[in-house]
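Just below is one structure, and these are the notes that go with it.
The values are calculated or read from the model by the stated rules, or taken from the named source; none is laboratory data. A quick note: this is a predicted structure, and the numbers were derived from the prediction, not measured. No Cβ is skipped: glycine too gets one built from the backbone with ideal geometry, and neighbour counts run over all protein chains shown. The area values use the complete protein model at the heavy-atom level, side chains included, leaving out ligands, DNA and RNA. Shrake-Rupley method; radii C 1.70, N 1.55, O 1.52, S 1.80 Å.
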Amino acid sequence: SHPRRTAGCAFSEGTSILEFMFLLHLGLLLPVHIVFGFSKVSIPDTIEAEYKPFCLDGSTAVFYFDAPPVTSTKWIIFFQGGGLCRTIAECTERTQTESGSSLSLPDTMELQGMLSPDPALNPLFSTFNRVFVPYCDGYFFSGSVDAEVSGLNFRGHDILTAVLKTLQSVGSLNTATEVLIAGESAGAVAVYINYGYIRTMLPSNATVKAAPISGFFHLQRELGPAIEANSIHQIKLLNNTCTEFVSPSIECVRPNNSYAYSTIPFFIINSALDDFSLNPLALSINSSFSSCVQRGQELVNCVSSQVPFLREFRAGFLDRLFSQSNNKAAQNGNGAFITSCYEHAAARLNREFTQWELNGTTLVTALSNWFKAPSSAPAAAHTYKPCQLNDAQPVQCNPTCFVDGNPFLVPTSSNGGGGGGGGDDQDQMGSGVIAGAVIGVTVAAVAIGAGIWCWIRKRDSQDNTQPQQMNNF
């Protein structure tokens with residue numbers, strides 16, 4: 001009753017062509033890096049049988065993996081966002097999309113920002129093993145209900161466990177030396193909720209840090225639906241460092257509460273004017289805000305009389321993060337990059353990741369510097385706060401927020417990254433032809449190798465009554 005989608009030949013241990021590609025990417029079978037972007041990886045049969053990592057519709061969860069050109073013991077694990085479902089009806093609706101099912105997920109995927117493989121855009125984390133975990137449980141990778149409910153599976157925590165177990169057994173996560181736990185929106189909430197559990201699954205001597213994007217909500221009503229939704233999802237585990245101080249314990253679902261008692265370094269990437277929060281609040285107060293808080297417009301339609309409300313919202317966010325939350329933001333090892341950009345979760349994209357600046361420092365540089373710094377580094381050295389909004393247009397005080405070509409953006413070469421003249425284009429075209437030829441030959445080699453791999457595994461499975469165990473890489 002639980003559909004499982006695999007590609008290529010499947011083996012008794014759940015290995016597929018995709019997992020074969022996974023091993024290739026890790027450089028464990030061939031000393032080359034195959035440039036296919038992120039490849040989908042299936043959960044091995046033994047791990048699936050033990051943990052039942054099912055999406056809402058009962059399909060088995062998957063994840064995506066891409067490795068650096070050189071074998072590394074450094075990892076980034078990134079959780080996808082996408083809201084939540086609070087009722088049986090809402091969760092049933094999600095089963096028709098990738099938000100509740102793995103069946104239509106592509107075999108490969110190109111990802112951006114801190115997951116980008118391009119060292120020119122992402123110089124530090126492109127050297128890491130990079131994992132992207134699709135979000136198909138509807139509740140922050142945290143629910144765990146043994147039996148189906150109205151044909152639905154609420155097993156987010158089990159998905160998380162199965163992914164980590166797979167990375168330990170098929171990959172080399174159990175020898176990791178540095179790990180960044182990250183996610184955006186609901187995936188960021190998953191970071192706040194699950195960082196403690198993830199930490200227990202990693203080597204005790206590994207450096208583990210967290211960088212949630214757009215997951216800190218200073219309005220208490222914003223996570224109210226998440227608390228209500230626990231009645232059907234039944235959260236498996238909350239950080240005990242939070243539940244010791246917060247009552248009732250379900251309140252630790254709120255990121256500000258979980259963060260207040262966090263035990264690993266956090267670098268919070270957020271807007272003080274997050275449109276997910278600001279837009280509905282402004283419209284609930286006065287419909288005249290509709291043009292001012294139109295999404296994607298960077299406040300270009302706001303008038304002077306509306307600026308005090310925007311400033312008050314900004315001040316409330318900063319107060320919640322820096323003055324409340326157990327003063328966690330001031331503790332050594334932590335950091336933050338809080339913009340005035342009117343957006344939600346855009347830091348996952350290349351342009352924003354590389355172009356947003358605060359105090360002359362880009363987000364990619366700020367995040368990299370914080371991650372490389374020791375956990376004893378003062379938070380002030382890695383904390384970037386937003387500018388104050390202007391009284392009149394442009395109300396947006398940070399010109400680097402205008403990455404979509406709005407009229408107030410003044411292009412600068414430092415924020416560039418664009419192409420040059422015709423000579424550069426020709427060089428890129430020539431490189432593309434060469435790269436295409438190399439990839440073509442590589443694909444053929446991989447196809448042949450995969451065929452041989454399948455034949456060997458099938459032969460071995462026929463020759464042995466006991467299934468072969470995969471090597472512990």
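Under Stokes-Einstein, with the Kirkwood radius over Cα pairs as Rh, the value for the range 212-338 at 25 °C and 0.890 mPa s is 153 µm²/s. Candidates Ala329, Ala315, Leu349 compared by Cα position along the dipole of the range 275-395: farthest toward the positive end lies Ala329, with charges placed on Cβ.
With N the number of residues in the range 127-191, Rg(Cα) / (2.2 N^0.38 Å) evaluates to 1.24.
Please report the spacing between the Cα centers of the range 41-89 and the range 135-156 in Å, no decimals. Between the Cα centres of the range 41-89 and the range 135-156 lies a distance of 13 Å.
Note on the range 107-229: dipole from Cβ charges, positive end direction compared against Gly138, Pro119, Thr108; the farthest Cα belongs to Pro119. Of all the accessible heavy-atom surface of the range 254-331, with the other protein chains kept in place and a 1.4 Å probe, what percent is carbon and sulfur? For the range 254-331, the apolar C and S fraction of the accessible surface comes to 47 percent. At full extension, Lys372 and Glu148 could sit 76.2 nm farther apart than now, given 0.36 nm per residue minus the alpha carbon distance.
Using the alpha-carbon centroid of each, what span in Å lies between the range 349-393 and the range 322-339? Between the Cα centre of the range 349-393 and that of the range 322-339, the gap is 13 Å. Segment Ser284..Ser304, full-extension length gain: 5.3 nm, with 0.36 nm per residue of separation and the alpha-carbon distance subtracted.
Two numbers describe the Cα atoms of the range 295-334: Rg and Dmax, which are 14.3, 40 Å. Here the accessible area of the range 76-147 is 55 percent carbon and sulfur, with a 1.4 angstrom probe and all protein chains present.
Think of a 1.4 Å ball rolled over the protein heavy atoms: the range 105-257 then has 31 Å² of accessible area per residue.
Translational diffusion of the range 154-246 was estimated from the Stokes-Einstein equation, with Rh taken as the Kirkwood radius over Cα pairs; at 37 °C and 0.692 mPa s the coefficient is 226 µm²/s. For the range 123-219, chymotrypsin sites (Phe, Trp or Tyr not before Pro) meeting the loop criterion (DSSP other than H, G, I, E, B) and having at most 10 other Cβ atoms within 10 Å: none.
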